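To start, the structure under review is shown below, and the notes come after it.
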Amino acid sequence: MSVTAAMVKQLRERTGAGMMECKKALVAANGDIDAAAEQMRKSGQAKADKKAGRVAAEGVIVIRTSDDGTHGVIVEVNSETDFVAKDEQFLGFANTAADVVLAAKPDDLAALYAAPAGNGQTVDEMRRDLIAKIGENIGVRRFETVSGGGRLGHYLHGARIGTLVAVSGGDDDLARDVAMHIAASSPHCLDESGLDADVLEKERDVYRAQAAESGKPPEIIEKMIEGKVRKFVNSVTLLGQPFVKDDKQTVGKLLSSQSASVAGFVRYGVGEGIEKREENFAEEVRKQVEETQKG
């Protein structure tokens with residue numbers, strides 16, 4: 001069977017692949033569009049597997065909240081380059097993944113990937129198809145649900161930093177202000193109870209070594225150490241930090257002034273904790289050209 005331009009166009013619309021790739025697939029399938037699409041899908045999955053080990057440290061943060069405002073989700077979806085992170089198809093996948101997390105409440109990434117994406121595919125099948133089209137490793141890195149406060153505040157700094165906070169009491173402006181503060185100040189936890197005891201003890205050891213050279217009496221040294229530890233605790237806990245919009249009061253005092261409290265919060269930064277590789281852009285382009293020629 002001869003392959004017509006109309007057949008190529010139909011397969012392109014169905015798969016999103018390039019014209020030459022569609023034509024080759026149709027020729028190999030003797031003009032059977034369904035068979036060609038299935039083979040391209042299998043080929044895309046193989047390509048996705050090959051790219052799975054490549055570092056994906058760019059991407060976006062997406063936040064979704066329920067219609068009744070009782071809970072929300074924050075999701076990080078990664079790509080290899082910032083260029084792809086701005087691509088409409090990538091953003092469509094990221095938004096779909098966040099919608100699925102909000103609606104399906106998956107327990108982990110495996111459950112999310114297995115969940116229906118609402119387009120006849122699972123989230124993982126949608127992801128793999130996108131990898132085949134775009135040519136980069138793409139994946140959902142993590143997600144979390146926040147609830148329990150009665151009121152949700154959220155803030156996105158571009159698409160690279162996102163925060164979601166559950167607040168009891170106060171109003172929507174307060175919840176958003178606290179979310180904005182978390183984005184700017186990156187607290188480790190709510191208060192001292194959330195800090196690892198080993199972390200605090202290591203801080204004491206450092207301050208103790210510094211104070212030992214002061215020549216002051218032991219009781220004074222201990223007060224100096226505890227003062228520095230308290231300062232450290234305030235710097236890394238949400239309630240102890242100076243409020244970013246008014247550093248004359250802490251976030252804790254701001255909340256108390258409005259009879260409010262924080263039930264929980266999450267802050268995500270794109271790629272944080274991922275070791276990014278150094279890229280040789282010219283070499284990467286050369287490799288892509290070679291792969292295209294081979295294909």
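I'd like to know if region 133-149 contains one or more residues that are of a type in the set (Val, Ile, Thr), in a helix (DSSP H, G or I) and touching a Lys or Arg at 6+ places or on another chain (Cβ under 8 Å).
Scanning region 133-149 turns up no residue that is of a type in the set (Val, Ile, Thr), in a helix (DSSP H, G or I) and touching a Lys or Arg at 6+ places or on another chain (Cβ under 8 Å).
Between residues in region 68-88 that are farther than 26 Å from Ala104 by Cα and residues that are open to solvent by less than 10 Å² (accessible area, probe 1.4 Å) and modelled with pLDDT of 95 or more, which pairs lie under 7 Å by C-beta distance while being six or more apart or on different chains?
Pairs found: Val84/Phe90.
Among the residues of region 141-154, is any closer than 30 Å to Val55 by Cβ and touching a helix residue (DSSP H, G or I) at 6+ places or on another chain (Cβ under 7 Å)?
Among the residues of region 141-154, at least one is closer than 30 Å to Val55 by Cβ and touching a helix residue (DSSP H, G or I) at 6+ places or on another chain (Cβ under 7 Å), which makes the answer yes.
Out of all the residues in region 265-285, is one or more at pLDDT below 95, surrounded by 17 or more Cβ atoms within 10 Å (Cβ to Cβ), farther than 30 Å from Gly170 by Cα and hydrophobic (A, V, I, L, M, F, W, C)?
Within region 265-285, none of the residues are at pLDDT below 95, surrounded by 17 or more Cβ atoms within 10 Å (Cβ to Cβ), farther than 30 Å from Gly170 by Cα and hydrophobic (A, V, I, L, M, F, W, C).
Can you tell me which residue is modelled with the lowest pLDDT among those in region 13-57 that are of a type in the set (Gly, Ala, Ser), touching a Gly at 6+ places or on another chain (Cβ under 9 Å) and within 17 Å of Glu125 (Cα to Cα)?
By that ranking, first place goes to Ala52.
For residues in region 187-237 being touching a residue at least 24 places away in the same chain (Cβ under 8 Å) and among the acidic types (Asp, Glu), which is nearest to Lys253 (Cα to Cα)?
My answer is Asp191.
Could you check how many residues of region 152-186 are open to solvent by 10 Å² or more (accessible area, probe 1.4 Å), farther than 12 Å from Leu255 by Cα and not in a helix (DSSP H, G or I)?
10
Test Arg127 against the stated conditions and say whether it is open to solvent by 40 Å² or more (accessible area, probe 1.4 Å) and at negative phi.
Against the criterion (open to solvent by 40 Å² or more (accessible area, probe 1.4 Å) and at negative phi), Arg127 does not qualify.
Would you tally the residues in region 210-261 being of a type outside the set (A, V, I, L, M, F, W, C), under 17 Å from Ala183 (Cβ atoms) and in a helix (DSSP H, G or I)?
So the answer is 1.
Pull up region 187-209, narrow it to residues that are under 18 Å from Val165 (Cα atoms) and not in a helix (DSSP H, G or I), then point me to the one that is most open to solvent (accessible area, probe 1.4 Å).
My answer is His188.
The values are calculated or read from the model by the stated rules, or taken from the named source; none is laboratory data. As the structure is a prediction and not an experimental result, all values here were calculated from the model. A quick note on method: Cβ atoms are made from the backbone with ideal geometry, for glycine too, and the neighbour counts reach across all protein chains shown. Accessible surface is based on the protein model in full, side chains and every heavy atom, while ligands, DNA and RNA are left aside. Shrake-Rupley method; radii C 1.70, N 1.55, O 1.52, S 1.80 Å.
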